[in-house]
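The values are calculated or read from the model by the stated rules, or taken from the named source; none is laboratory data. Note that this is a predicted model, so its numbers are computed, not measured. Positions of Cβ are backbone-derived with ideal geometry, glycine not excepted, and every protein chain shown enters the neighbour counts. When the accessible area is computed, the model is the full protein with side chains, heavy atoms only, and any ligands, DNA or RNA have been set aside. Shrake-Rupley method; radii C 1.70, N 1.55, O 1.52, S 1.80 Å.
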Amino acid sequence: YYLQNLSLVRFITTELTRGYFLEHNEAKYTERRERVYTCLRIPKELEKLMTFGFFLCLDAFLYVFTLLPLRVILALLRLLTLPCCGLSGSRLLQPAQVCDVLKGFIMVLCYSMMSYVDYAMMYHLIRGQSVIKLYIIYNMLEVADRLFSSFGQDILDALYWTATEPKEKKRAHIGVIPHFFMAVLYVFLHAILIMVQATTLNVAFNSHNKSLLTIMMSNNFVEIKGSVFKKFEKNNLFQMSNSDIKERFTNYILLLIVCLRNMEQFSWNPDHLWVLFPDVLMVIASEVAVDIVKHAFITKFNDISADVYGEYRASLAFDLVSSRQKNAYTDYSDSVSRRMGFIPLPLALLLIRVVTSSVKIQGSLSFMCVLLFYMGMITLKVLNSIVLLGTSCVFVKEANMEEKLFDPPPSAVSSQPVADKGGVLQVSDNSQPTIITESSAPAFPKSDSDTFLTTPDEEDDDKIINANTGLEGDSLKNRTPKKDLLEIDRFTICGNRID
């Protein structure tokens, strides 16, 4: 018994006094600490990207109200005065002016069609539905909005190209008039869809027990479950970031529409605005919190550095700067639409419809107030554009992307892989260089998720083949062409899926 007690005492003593040294696995604990630091940096870096993206969307949105009408008027004046000047050999309108006139006609026709839609009847029709039915309808509307955005910009781009395509090219389209009516139908239907979204949100705000608003907010947290536990590459995270920027800006406009409709019902009583303020603040706070948590865990699980948001910001800034070049091939508002999936025409159409029905303009003083408000919007648009352009130039310079501003526009031929004599796929010399340089690479250890891939499955197969053969020099030749961030828009398939 004495020996057994002695062994027990020795065991307890050893358990109480034994030690270990963390430096024996220094690399592992250093990596864990860097992950914690990355998660702590995510809110700041993400909100910097979100703020920059918000003002980009605001710039494209204000363009529809401010500069687009003026550009349409100038184009129509040119169209009327040019034949009188005897310049029959020159083009009547430049391609950019043709696109502006088409946008103006689309807005006018769609607004005349929207005037026949009864907002009050739609509100009471939705209000009479049950809570669970409204929740399902709202989710269906979000999915439909993404589908409309993905196909809508293609419809508008097809219209612009059909109307401005050089005459000497062989006709391979159905004509400008059918494309124009397709664009009008799309903008009208998308505006109706956003109106139903705004009406559903308005019903949630005006419900007595706020149960519908709580359920709709909880839908944001369901988004975490569908995104966090998936494998993400940098391109997929870029798409998700653009989608979050567009979604946040759209929600702000929807909240503005809800406030306008409610203030109209209460005769513009400012006290009612403070009644709406807690609910508006709660919706915005939940959206911001969900985005931070979602991005923090995605970067953690996929070992992505927080510096990647600086690269995303530089890519968005490059779009703005390149649209101001002489060799620009697209308008900036259309570039934002392709990159983020944000199409300002339907949203602007709905806001114009709500404002004109909520605000009654009578008398010369009212017209003077409208004129002053319009001048203020133009001032805000110009100031926002100047600040954005200066900030974008700084971001482009920090990312060492100035030389890409003078590259020719990307074409379908230059981006396609070419087969050499040995049958190995290679990228032609005219393709765009990658956005990441050695000087801007993150200092953290790189993993497989740090490479810009189009098809990760084929990339993994190439790695296995190269490991078995031992030919490291041939690994670059066997890889599939990589997608540059500048080539990724909102609906590009990256890693076999769209996020």
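Return the total of residues in region 320-353 being under 14 Å from TYR111 (Cα atoms) and either in a loop (DSSP other than H, G, I, E, B) or among the small types (Gly, Ala, Ser) (or both).
Residues flagged as under 14 Å from TYR111 (Cα atoms) and either in a loop (DSSP other than H, G, I, E, B) or among the small types (Gly, Ala, Ser) (or both) within region 320-353 amount to 1.
Which count do you get for residues in region 118-146 that are charged (D, E, K, R) and either over 23 Å from GLU247 (Cβ atoms) or open to solvent by 80 Å² or more (accessible area, probe 1.4 Å) (or both)?
So the count comes out to 4.
Take the residues in region 363-394 that are among the aromatic types (Phe, Trp, Tyr) and within 17 Å of LEU70 (Cβ to Cβ), then tell me which one is least open to solvent (accessible area, probe 1.4 Å).
Checking each candidate, the answer is TYR374.
Specify the residue that is nearest to SER218 (Cα to Cα); the eligible residues are those in region 252-304 that are of a type in the set (Phe, Trp, Tyr) and outside any helix (DSSP H, G or I).
Looking at the filtered set, the residue picked out is PHE266.
Looking at (1) modelled with pLDDT under 90; (2) within 13 Å of the chain's Cα centre (by Cα), which one does ILE304 not meet, given that it meets all the others?
Checking ILE304 against (1) modelled with pLDDT under 90; (2) within 13 Å of the chain's Cα centre (by Cα), the one that fails is (2).
Which condition does LEU365 not pass, out of (1) touching a residue at least 40 places away in the same chain (Cβ under 8 Å); (2) part of a helix (DSSP H, G or I), if it passes all the others?
Answer for LEU365: the failing condition is (1).
Answer with yes or no whether TYR63 is surrounded by 15 or more Cβ atoms within 10 Å (Cβ to Cβ), hydroxyl-bearing (Ser, Thr, Tyr) and in a helix (DSSP H, G or I).
Yes.
Would you check which residues across region 211-223 are out of contact with any Phe, Trp or Tyr (no Cβ under 8 Å at 6 or more places or on another chain) and within 11 Å of VAL283 (Cβ to Cβ) and list them?
THR214, MET217, ASN220, listed by residue number.
Test LEU316 against the stated conditions and say whether it is in a helix (DSSP H, G or I) and loosely packed, with under 13 Cβ neighbours inside 10 Å.
The answer is no for LEU316.
Within region 259-309, take every residue that is among the basic types (Lys, Arg) and under 30 Å from ALA399 (Cα atoms) and give me the one that is surrounded by the fewest Cβ atoms within 10 Å (Cβ to Cβ).
LYS300
Which one of the conditions (1) more than 22 Å from the chain's Cα centre (by Cα); (2) of a type in the set (Lys, Arg); (3) buried (at least 20 other Cβ atoms within 10 Å of the Cβ) does LYS210 fail to meet, given that it meets all the rest?
(3)
Quick one: how many residues across region 350-386 are among the hydroxyl-bearing types (Ser, Thr, Tyr) and over 31 Å from the mean Cα position of the chain (by Cα)?
Number of matching residues: 2.
Across region 342-362, what is the total count of residues that are closer than 22 Å to ASN242 by Cβ and open to solvent by 70 Å² or more (accessible area, probe 1.4 Å)?
0
Is it true that some residue in region 9-18 is assigned to a helix (DSSP H, G or I), hydroxyl-bearing (Ser, Thr, Tyr) and surrounded by 16 or more Cβ atoms within 10 Å (Cβ to Cβ)?
Taking every residue of region 9-18 in turn, none turns out to be assigned to a helix (DSSP H, G or I), hydroxyl-bearing (Ser, Thr, Tyr) and surrounded by 16 or more Cβ atoms within 10 Å (Cβ to Cβ).
Could you check region 232-276 and list, in sequence order, the residues that are aromatic (Phe, Trp, Tyr), modelled with pLDDT of 90 or more and farther than 25 Å from ARG353 by Cβ?
Scanning region 232-276 gives a single hit, PHE238.
If you take the residues of region 232-254 that are within 25 Å of LEU350 (Cβ to Cβ) and among the basic types (Lys, Arg), which of them is surrounded by the fewest Cβ atoms within 10 Å (Cβ to Cβ)?
ARG248
Based on what the data block shows, is PHE205 aromatic (Phe, Trp, Tyr) and crowded, with 18+ Cβ neighbours inside 10 Å?
For PHE205, the condition - aromatic (Phe, Trp, Tyr) and crowded, with 18+ Cβ neighbours inside 10 Å - is met.
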